[in-house]
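Undergrad: Could you have a look at this structure, given as structure tokens, before my questions?
Just so it is clear, none of the values below were taken in a lab; they were calculated from the coordinates. As the structure is a prediction and not an experimental result, all values here were calculated from the model. With ideal geometry, Cβ positions are generated from the backbone for all residues, glycine too; neighbour counts draw on all protein chains shown.
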Amino acid sequence: CSEEEQTEDYLFKIVLIGDSAVGKSNLLARFARDEFYPNSKSTIGVEFQTQKIDINGKEIKAQIWDTAAHSDMNVVTILVGNKTDLKDAREVTTAEGKSLAEAQGLFFIETSALDSSNVSSAFRTVVEEIYHILS
Ligand code: GDP
Ligand code: MG
């Protein structure tokens, strides 16, 4: 951003994932704010906190994202089979991809970043699904 001067040498993004109620939000609260909530509410969507950490004299900004993880309704996951343009090098059939996605309860789409097939549809699916959950 333009208003804030960026002094750190690195920006690392860290995502906390795991079952609901294992203590992700409280680990972050303890680390970033030295706080603990005995009865914390479950996380809605994602939130992040930043913390500066010095490693070997380099300033590293850790941007830590707290998620509601896989046990909550508000996480949308899509399994993307990319590089469909490499037809001769295909290792996973569409049927295999579909059945894996079905077994894991994921959306499934095959894309090619090279020829752009289904790329916008993949992102649209995620955005649409989140929108449906929220509305
Ligand atoms: P999240 O769903 O993974 O974000 O879990 P929370 O951070 O919301 O914690 C779930 C519950 O476990 C809350 O009641 C917390 O107070 C409690 N909790 C989290 N971390 C610890 C811990 O290290 N020790 C104990 N005893 N309770 C914890
Ligand atoms: Mg949480």
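Undergrad: For Lys58, list the lysines whose Cα falls under 26 Å from its own Cα; do not include residues on the same chain fewer than 8 positions away.
TA: Candidates past the 8-residue exclusion: Lys13.
Undergrad: Given Cβ point charges of +1 (Lys, Arg) and -1 (Asp, Glu) and nothing else, what value in debye, to the nearest 20, does the dipole of the stretch 6-108 about its Cα centre take?
TA: Computed charge dipole of the stretch 6-108: roughly 60 debye.
Undergrad: Could you give the length gained by full extension between Glu47 and Glu5, i.e. 0.36 nm per residue of separation minus their alpha carbon distance, to one decimal place?
TA: Details: separation 42, 0.36 × 42 = 15.12 nm, distance 2.22 nm.
Using 0.36 nm per residue and subtracting the Cα-Cα distance, I get 12.9 nm.
Undergrad: Only helical DSSP H runs with n ≥ 4 go in: add -39500 (n - 2.57) per run for the chain, normalise by residue count and round the 222 nm mean residue ellipticity to 500 deg cm²/dmol.
TA: The helix contribution divided over the chain gives -8500 deg cm²/dmol.
Undergrad: If I fit a long axis through the Cα atoms of helix 94-104 and take the longest principal axis of the Cα atoms of the chain, what angle between them do I get, 0 to 90°, rounded to 10?
TA: Tilt relative to the chain: about 40 degrees.
Undergrad: Now, a different point. Whole-Hz Karplus ³J(HN,Hα) for the stretch 9-18, in order, using 6.51 cos²θ - 1.76 cosθ + 1.60 and θ = phi - 60°, x for Gly and Pro?
TA: 3J(HN,Hα) across the stretch 9-18, in whole Hz: 7, 9, 10, 10, 10, 10, 10, 8, 10, x.
Undergrad: Let me ask something else about it. Any idea what angle helix 119-134 forms with the longest principal axis of the chain, computed on alpha-carbon atoms, 0 to 90 degrees, nearest 10?
TA: 60 degrees
Undergrad: Can you tell me which aspartates and glutamates have their Cα less than 18 Å from the Cα of Lys83? Leave out same-chain residues fewer than eight positions away.
TA: Candidates past the 8-residue exclusion: Glu91, Glu96, Glu110, Asp115.
Undergrad: Return the single residue from Thr125, Thr84, Thr67 with maximal mean-square fluctuation; model: Gaussian network over the chain, springs between Cα atoms under 10 Å.
TA: Thr84
Undergrad: Using a Förster distance of 35 Å, how high is the FRET efficiency between Ser120 and Ser99, based on the Cβ-Cβ distance and rounded to 0.05?
TA: That gives a FRET efficiency of 0.90.
Undergrad: To one decimal place, what Kirkwood hydrodynamic radius in Å is obtained for the chain from all pairs of distinct Cα atoms?
TA: Roughly 18.0 Å, rounded to one decimal.
Undergrad: What's the angle, to the nearest 10 degrees (0 to 90), between helix 24-33's Cα axis and the longest principal axis of the chain?
TA: Value to nearest ten degrees: 40.
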